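Written out below as structure tokens is the structure these notes cover.
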Amino acid sequence: MATLERIRNKSGLLIIVIAVGLLAFLLGDLMSSGDSIFRRRNMQIAEINGTSVSYPEYQSYVTELEDYYKLNSRTSSLDENTSYQIREQAWNQMVQDVIMDEKYEDLGIAVTADEIFEMATGKNVHPQIRQMFTNPQTGAFDKAQVINFLQQKNLDPNANFYWLFLEKQIKKERLFTKYRDLIKKGMYVTTAQANAEAKAKESKVDFDFVMKRYSSIPDSSVQVSDSDIKNYYSSHKDNYKQEATRDVVYVSFDVKPSEEDRQMANDWIANAKTEFANPATDAIQYVNMNSESNYIDRNLKVEQLSSTLQGFVQGAAVNEVYGPYLENETFKLSRIVAIKQMPDSVKARHILVNDPVLADSLFALVKGGANFATIARANSSDQGSAINGGDLGWFAEGTMVKPFNDACFENDKGAILKVESQFGIHIINVQDKGKPVTKYNIATLERNISFSTKTNQQVYAQAAKFASLNNTVEKFDEAITADNLVKRYGRNLKANDRTVNNLIHSREMVRWAFEAEMNSISDIFEFGDSYVIGFVTGAKEEGYQSIAAVKGSIERQLRNDAKAEVLIAELNSKKQGNDINALATGIEGEVMTANQINFGAFQVPGAGVEPALVALATNAKSGELSAPVAGNNGVYVVKVNNVVSSTVDATAEKAQLSQTNGFKVDYQTTEAIRSKAEITDERSKFF
């Protein structure tokens, strides 16, 4: 079990799922939803490159990862955000498993049992296994620990679980490494490529240029026909792929405390004052039993208190009460529990260990006069301070965990103490203490101003009335204007989006938007402290955007192409030898200058992002006007005035290109394969 505990502490949340827990999922589904398990069994949740994935198959990925997360983090439940992240992680892993397994099978890539064993106990142990089975005393990998663990793991289900998890992880990693290495071999950089790249970077040019913008020609003078648009669309159709999206409009009825609710909170705190202020009442216990927030045991200087209390405490005595007062929409009563003279900060050092026997031994040594710093360097598990002999420097009250904090601030300078916290056993030496200052320990009773059930019901009734009277988009819009409400928009919602704008936990509205018909009204959603009513106002299905939707952008592109031809002809007709100033005068433009531009430049000052201009300038002959070239914003002519040559090491360039290609393979391989995969994602119907 000690080994398993160390694995838990070191492993973290690994991005791989173990094939266990499907039976638990099936039984749980059967118990909770009757025959839903049988209806879901054959329901398809995805299709990946023709491979159908059923709901139980995907859910098994999710359940397995949830089980691992719960075991690793020692929790029995997951919050909504963690559950969502796990579902996304399971989805990505499932997709990768399908698409990459196809590649491995096609190429005959496999990992044998002998390879797995070699990575666990051989000469080249996997880093994860090396980390988990490193001897804490020697810092060296302990092969005997691995072998002992493998022999005993079947006796502990959790240990077996961890090992299966790790085994799958390193197997998948080794498979992908083999695949990636094959691709890297195919991206070899030739000497010719390296020489060409080096030569392109050897020259930096200073040049003048003139530009004639497309906007100089009126749109009305260039005709673009519907057939031109249709032909362009057909030739570039892949540029107009789209995801399924929905647009909604909605109105939110927020539940806020009424004046009656505020008065109820005020009355409650006022009625509590008599008992809370009674010296016989245990203020700390009273706060913990009755307040919105528990008592916090802190001793604070005047300047650390809220501005409301600073004037009160100066001159006040223990057990005096201030209030009721209002702060951040909360009514409060504050009672002084204690007034102390305490140092503002202390200087201490410590030795942190987890073994009680070792702690007792080390405590006896330092109490007996042994060198504290030497013992800390050799034994403390707090490596950040151990290197400095356990020295933590000066720290203010409240900086450290409470047992440690109290031991340092409540004991004398020079004291050697032993206390336990959630981090382990601390052997502390209080080295110095600051000048005492007056500090106040205060217990505060709080009553939040919150809405009542009555207020909540009133707002719901208002929302229900609005929905019943305004069940069409037209009536909805008119009522919003008449009632001075705020119309809100949720645009381009995707099927798996979790929220609509900032509406809390509004996943259900996204699901509704994809199931509802156009211009249909929703039910009344309850999101946080708001009731929401919406309409679906727009819908795009997965596939290609229609010609009508992209007509404007295509028309602009075709107009610019046509304008470029006109401008190129104009610039050619205005050229007078190599005189760029005459050309600028002829087109009523100006000469602009750019310096130190090489082939790798991203943009040109005065022109912006213009790859065509960079290519033109770095390839033009020095001293001659270039031919006109069309760019993003207009047509350009350049005249290179100066070329500064430098030597670029082709060997170094080859190494750099090889490294760049390697990075691309490492970080883009899976994404590139995934972008080519045919994936139908229908998870939104289930989650």
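The values are calculated or read from the model by the stated rules, or taken from the named source; none is laboratory data. Everything quoted here is computed from the prediction, not taken from an experiment. All Cβ positions, glycine included, derive from the backbone under ideal geometry; neighbour counts span all protein chains shown.
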Next on the checklist: Please count how many residues of the range 122-142 are surrounded by 15 or more Cβ atoms within 10 Å (Cβ to Cβ) and either without any contact (Cβ under 8 Å) to a residue 60 or more places away in the chain or part of a helix (DSSP H, G or I) (or both).
Outcome noted: 9
Checklist entry - Within the bounds of the range 529-537, is there any residue that is among the small types (Gly, Ala, Ser), modelled with pLDDT of 95 or more and out of contact with any Leu (no Cβ under 8 Å at 6 or more places or on another chain)? => result yes
Checklist entry - Just a yes or no: is a residue in the range 314-324 at negative phi, out of contact with any strand residue (DSSP E or B) (no Cβ under 8 Å at 6 or more places or on another chain) and not assigned by TED's automatic domain parsing to the domain that holds LYS413? => result yes
Next on the checklist: For a quick check of your reading: which helices (runs of 4 or more DSSP H) sit entirely within the range 1-101 and have at least 2 residues that are modelled with pLDDT under 50?
Outcome noted: 2-11, 22-33, 36-41
Checklist entry - Mind checking which residues of the range 377-394 are more than 7 Å from ARG349 (Cβ to Cβ) and either modelled with pLDDT of 95 or more or outside any helix (DSSP H, G or I) (or both)? => result SER380, SER381, ASP382, ILE387, ASN388, GLY393, TRP394
Item to check | Meets criteria (touching a residue at least 12 places away in the same chain (Cβ under 8 Å), closer than 30 Å to ALA316 by Cβ and among the charged types (D, E, K, R)) for LYS435 | outcome: yes
Checklist outcome for this item: Within the range 258-289, of all residues that are among the small types (Gly, Ala, Ser) and not in a helix (DSSP H, G or I), the one surrounded by the most Cβ atoms within 10 Å (Cβ to Cβ) is SER258
Item to check | Residues that are assigned to a strand (DSSP E or B) and more than 13 Å from PHE363 (Cβ to Cβ), drawn from the range 395-423 | outcome: PHE395, ALA396, SER421
Item to check | Pick from the range 483-506, criterion surrounded by 17 or more Cβ atoms within 10 Å (Cβ to Cβ), of a type outside the set (A, V, I, L, M) and assigned to a strand (DSSP E or B), ranking: nearest to the chain's Cα centre (by Cα) | outcome: GLY490
Next on the checklist: What are the pairs with Cβ atoms under 9 angstrom where one residue, in the range 400-425, is in the same structural domain as ALA376 (by TED's automatic domain parsing) and the other, located anywhere, is among the small types (Gly, Ala, Ser) and assigned to a loop (DSSP other than H, G, I, E, B)? Sequence gap at least six, or different chains.
Outcome noted: ASN405/GLY398; ALA407/ALA415; CYS408/ALA415; PHE423/SER381; GLY424/SER381
Checklist entry - For the subset of the range 432-453 comprising residues that are outside any strand (DSSP E or B) and polar (S, T, N, Q), which member is farthest from GLN341 (Cα to Cα)? => result THR453
Item to check | Within the range 45-64, considering residues that are touching a Leu at 6+ places or on another chain (Cβ under 9 Å) and buried (at least 20 other Cβ atoms within 10 Å of the Cβ), the one farthest from GLU102 (Cα to Cα) | outcome: THR63
Checklist entry - Among the listed residues ALA617, ALA564, which satisfies the condition of being at pLDDT below 95, surrounded by 15 or more Cβ atoms within 10 Å (Cβ to Cβ) and hydrophobic (A, V, I, L, M, F, W, C)? => result ALA617
